[in-house]
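Student: Dumping the structure here so I can ask a few things about it.
The values are calculated or read from the model by the stated rules, or taken from the named source; none is laboratory data. Quick caveat: nothing in here was measured; it's all calculated off a predicted structure. Cβ placement follows ideal geometry from the backbone for every residue including glycine, while neighbour counts extend to all protein chains displayed.
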Amino acid sequence: MSTSLNTQLAPNKPDIVSEKFEDEYILVSLVNGNYYSLRGTAAGLWTHIEGNCNAQALMNAYVKHFDLTSEQAKALEDFLHELIDQNLVKTDTAKNPEVAAIEVQAGGEFEIPVVEAYSDMQDLLLLDPIHDVDEKTGWPAQPDAEESKEG
């Protein structure tokens, strides 16, 4: 975890797409076909990241709002590093913009934020819907086993 948290965080678009479903965010990597679930505190953090935020300001706001212990603050920092390590967010230390105040929504309790990663749909998510269409079978048309061995 060598990345400093004195950086701007933003979703790693266009490689990552995200959608909110009730109290959960689903993130999909268009690069590796993995998808991720963020719930509870993790979903709240993602809301701020979608708006492009300073990582340290985000940490400070959550530590203050929830009066986090040092262990909880460490878990929060680890979560942000995991988002970076999984290439779900991009970082930018060059901009050095003014740090906007971050308001944490009232209510709820702090839950240790977790990135739930899934790879069970990689084959389907990595199919190219434009080029993998077969006239007879439609989409998705996966290459035959023999064709993929030849190519």
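Student: Of all the residues that make up region 82-92, how many are surrounded by 16 or more Cβ atoms within 10 Å (Cβ to Cβ) and either part of a helix (DSSP H, G or I) or of a type in the set (Gly, Ala, Ser) (or both)?
Tutor: Here the count works out to 3.
Student: Just give me the residues in region 34-60 being within 13 Å of the chain's Cα centre (by Cα) and part of a strand (DSSP E or B), in sequence order.
Tutor: Tyr35, Tyr36, Ser37, Leu38, Arg39
Student: Output the number of residues of region 55-106 satisfying the condition of being modelled with pLDDT under 90 and among the aromatic types (Phe, Trp, Tyr).
Tutor: Count: 0.
Okay, residues lined up against (1) more than 13 Å from Phe79 (Cβ to Cβ); (2) out of contact with any Lys or Arg (no Cβ under 9 Å at 6 or more places or on another chain); (3) surrounded by 16 or more Cβ atoms within 10 Å (Cβ to Cβ); (4) at pLDDT 95 or above:
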residue: Ser4; (1), (2), (3), (4): yes, yes, no, no
residue: Gln8; (1), (2), (3), (4): yes, no, yes, no
residue: Pro11; (1), (2), (3), (4): yes, no, yes, yes
residue: Val17; (1), (2), (3), (4): yes, yes, no, no
residue: Asp23; (1), (2), (3), (4): yes, no, no, no
residue: Val31; (1), (2), (3), (4): yes, yes, no, no
residue: Leu38; (1), (2), (3), (4): no, yes, yes, yes
residue: Cys53; (1), (2), (3), (4): yes, yes, yes, no
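Student: Looking at this structure, is Val31 over 18 Å from Asp92 (Cβ atoms), assigned to a loop (DSSP other than H, G, I, E, B) and out of contact with any helix residue (DSSP H, G or I) (no Cβ under 9 Å at 6 or more places or on another chain)?
Tutor: When the stated conditions are applied, Val31 passes them.
Student: In this structure, does Ser119 turn out to be surrounded by 16 or more Cβ atoms within 10 Å (Cβ to Cβ), within 20 Å of Pro11 (Cα to Cα), polar (S, T, N, Q) and in contact (Cβ under 8 Å) with a residue 40 or more places away in the chain?
Tutor: No.
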